[in-house]
Every structure is written in C-alpha cells, then in structure tokens.
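Have a look at the structure below before the remarks.
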Amino acid sequence: MIKKVITLTKPLFFLLFISTHLIPTRVFCSSAEIPDVPSIATYFGTKTRYEEVKPNLLRDPLTVNTSVLRPPPGEFCTPFHVTAVIRHGSRFPTVKNIRRIHRLSELLQNEASRTSESPTGWLDELRNRWEPWYTEDMDGRLVMKGREDLQFLAQRLATLLPSLLSEENVRKRRIHFVTSSKHRCVSSVEAFQEGLHNDIADGYNYEVDDELMRFFERCRGYVEGVENNHTALLEVEKFKHGEEMQAVRKRLKGNVPFDLFFPFRALLDLVEAAFFICSYELSIKSIHSPWCFLFDESDAKVLEYSFDLKQFWKRSHGHLISSLSSCPLFHHIFRTLDKAGRPRRWGPEPASVLVGHAETLIPLISLLGLYKDQTLTITAHLSVGRSFRTSHIIPYAANLLFVLYDCQRGPRLQLLINETPLHFPNFQTEDAPLYRDVRAAYRYLLDGCDFNRECERKPEGRGPNTEL
C-alpha cells in the first residue's frame, strides 16, 4: 500500500527539459496566431488534447463560462464544496510506444537509404526533416504543456468557484489533495497547486494514495478476469481484423511508396505508432506533425473506434468488474460529500482534489452509469451519435466535478465533466438535483459495492455486463 502525506519545502523537478516552475500568464491568441491543428486532432482517444474538447481555450486558456453552474433558478443557492477528480496533463509516450516509434523510424530510414527515388510531399518531410526525439527515460512523464494544462485548469476553476478554490484556502491547507504515486500525477497535483497559489514558498502539500487512485491494480477479479484475460477483449480483436481496419491499412499502403508492412501484427503496431506520433507532437509541442498527413478523417474515425472499443471492454461497461473496481473511489467521494453537507458547512475542507489516470476516471464514470447508451461491438460504430467517445470524455487533464450547493430546500449536487454540465442518469431534467435524491439513486452502491467482496470473486463469475 502506498499512502502518505507529503509536504515539500522545495519544488520537485520531475520533468525533462524544464528549468523553472513559472506560472503561465494569460495569453490571448488571434486566429492568425493559433497553431495549425490537424483535421484528425479530435479522434486521438485518451491521447487527445484538452483544447480539442474545449477549443475556446486555444484563444484564451483562462476563459470561463460561469453559466455552467446551474442550481435551480427559483432557489437561492451557494456552492460550498467541490470534489474534483482530475486526470494528469499532457505527457510523454510510455516506453512501449517510444520503442514502437523508434521501430517505425528505423524502417523509414532503412527504406530511404535503400531506394534511389527522390521523396516528395509529406514523405520528404519525414525523411529529411523529422527525427525521433523521444528517449526511453521520458517514459510517460508530464511535459511542460501538461503542467500548463493543470495550472490553467486550476485558475479557471478558481474563477468559477472563487470561495472554494481560493488562494487563502490553499495557503491555510483547507483543500485536501490526493494523487497517484506516478510521477505524471505527482507533477500534475503540484502544477494544480501552483495555479491556485502563486507563491509556493511554503511547499506542496498532498497525500499519495494508490489504493484510492490506482484501485485497478489491486482488484484481483479485474486483473485476472479482464486485464490478463485474452478473451475479455474479443470484440477489439475482431475489429482489428475486420473490414474497416483492413481498409485503413490498404489506404496507408497506397500512400506510402515503399513496403513497410509485412506481418499483420507489425503492420498494426506501425499504423498505431504513426497515428500516435501525430497525437504526441500536437499535445507536447503544439505542432502539426508530417505524420498526420498519412491519415484522413475516415481513417482517424476507424482508429478512434478501435481505441474506444478497447477502453469500453477493458475499463468501462463491457465487463461489470471493471467499473466495480472503482468502489473505493466512489465511496470516498460520497463520504467527502456527506461530511461537507453536515450542519457545519463552512468547515475546514471546501474542496477535495484527486489526481489520477484515465484508468481512474473511466471505471468511476462507468460506475456512475454515465455514457451507457449502447454496447460497443464491431459494428456499433456505424450508429450515429454514440456517447462513449474517449476523445471527448477523457482527454489529458479531463476532470469530473461534484459541486455541492447550500440551497433553501437542502443541499444540491451538480455534476460537470470537462467544465461542462452533465446530468446524473436518473435526473435528466435537473442540473442540480437534491443531494438526498442523488444518494437515494445510488443507494444500491452506497450500501453495497464492497471492493473486497467484488474483487475477490473468481474471475469466471465476472463476465460481460449483459444489462447494458
């Protein structure tokens, strides 16, 4: 178990290529100054920039729409607590993807040295102007853009909820900060604190708790029944071998004037590696990589659906144990809300900030019954308007906010995802239902959802969720 409270008197420099912790200042961009964005940028799944979900931030990263707070208009209400579950910001690729990128680069260079043909177009850029600058020691670490993601998010939320996420509350340590032990999450929680409090001379203050933020690692039913079970992702494998992916590979082979593609698995890895390079160079450097020109929008939609299928069956509604593994986080959130809603409402903790991973948020969102409109299969992507799109739900710096209001009829709770209002499943006509009603709707989980009982069951008893 990793659970410890950390107070740092000096900044920890976890990032490569960073020599300062300066807080970014507000920058306004004209349309001419906004960097060129690939047309496929909104299809990168969990590797999508936050700005693709909130494009207005490209012009002003601190723009805030206060109308997203929506207590009942005829009832006087005041926000008195917020719990925020936040994904880390933009990061470097992990070692696995860095190795795939280097393999693709080696094939490119080998083919370039073998052929005497003069390269043209995007291939010219790849051969002569692009080099794989990724190194294995980067391994998923937060990048400078990722720090800014969290710093700007903190400043926007402080503008939205000034009495809760105030500099005074940070200074007096009234806000509870929890993070995963992974360096990208630790760096993200530090960046969030920097965004709230310009003077960090007093040091960072947060708790590292992997039982809470990396619950998926210790749920045996999930690890054995899904994570390490090759049959759990059969729909994903079917799709990867299906007509749509075959069409993408054929189009790519037609665009590339040399034969990179031999074994099927190597081909699939290289297709994904090229797509990921496009996403990483946009999210890390804000550049339009020459690799992006290899794909059109139809290719990107197919690849995005492949990623979503994997997340659906591995982390979301596909298998019930995936969402049940988040029971500890679910109970923690509601215990925090219960405590905040007691008579002494202006207590010492107006806010709780929990920083984790896509793997933290997706099971929780699924447990709450969100984005549960259909079961994703090898053909379901043909339907229009599916709601389970990780590009929109879980970009870098994704955030799920539980805002508790003090209202005349009693406490009310509003849910926001990525700073946008989202209805609880049983309250489609109410933006901020009474908190007691929300608790009643989730009573079956509040009274049950026992982590040890659910996660220690035999994996064969935790099959696909057929109640979708």
- State yes or no: is Asp299 acidic (Asp, Glu) and within 30 Å of Leu445 (Cβ to Cβ)? no
- Evaluate the range 160-172: report whether one residue or more is among the polar types (S, T, N, Q), assigned to a helix (DSSP H, G or I), open to solvent by less than 70 Å² (accessible area, probe 1.4 Å) and without any contact (Cβ under 8 Å) to a residue 24 or more places away in the chain. no
- Do we have any residue at all in the range 371-392 that's open to solvent by less than 10 Å² (accessible area, probe 1.4 Å), outside any loop (DSSP other than H, G, I, E, B) and either modelled with pLDDT under 95 or at negative phi (or both)? yes
- Message: Return the residues of the range 431-450 that are at pLDDT below 95, open to solvent by less than 30 Å² (accessible area, probe 1.4 Å) and out of contact with any Leu (no Cβ under 7 Å at 6 or more places or on another chain); say none if nothing qualifies.
- Response: Gly448
- How about the range 173-214: which of its residues are over 27 Å from Phe451 (Cα atoms), acidic (Asp, Glu) and open to solvent by 10 Å² or more (accessible area, probe 1.4 Å)? Asp199, Asp202
- Message: Exactly one of these conditions fails for Ile86: (1) under 17 Å from Thr420 (Cα atoms); (2) over 19 Å from the mean Cα position of the chain (by Cα); (3) crowded, with 21+ Cβ neighbours inside 10 Å. Give me its number.
- Response: (2)
- Item | Matching entry among Val248, Val236 (being touching a residue at least 24 places away in the same chain (Cβ under 8 Å), open to solvent by less than 10 Å² (accessible area, probe 1.4 Å) and within 30 Å of Ile321 (Cα to Cα)) | Val236
- Query: In the range 408-428, how many are surrounded by 16 or more Cβ atoms within 10 Å (Cβ to Cβ), in a strand (DSSP E or B) and out of contact with any Cys (no Cβ under 7 Å at 6 or more places or on another chain)?
  - Reply: 7
- Message: Return the residues of the range 41-78 that are open to solvent by less than 30 Å² (accessible area, probe 1.4 Å), under 26 Å from Arg409 (Cβ atoms) and at pLDDT 95 or above; say none if nothing qualifies.
- Response: Val68, Cys77
- Using beta carbons and a limit of 8 Å, which pairs, at least six apart or on different chains, have the first residue in the range 125-137 and in contact (Cβ under 8 Å) with a residue 12 or more places away in the chain and the second one surrounded by 11 or more Cβ atoms within 10 Å (Cβ to Cβ) and not in a helix (DSSP H, G or I)? Leu126/Pro119; Arg127/Pro119; Trp130/Ser289; Tyr134/Phe92; Tyr134/Pro93; Asp137/Leu16
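The values are calculated or read from the model by the stated rules, or taken from the named source; none is laboratory data. Given the structure is predicted, the values throughout are model-derived calculations rather than measurements. Cβ sites come from the backbone with ideal geometry, for glycine too, and all protein chains shown count toward neighbours. When the accessible area is computed, the model is the full protein with side chains, heavy atoms only, and any ligands, DNA or RNA have been set aside. Shrake-Rupley method; radii C 1.70, N 1.55, O 1.52, S 1.80 Å.
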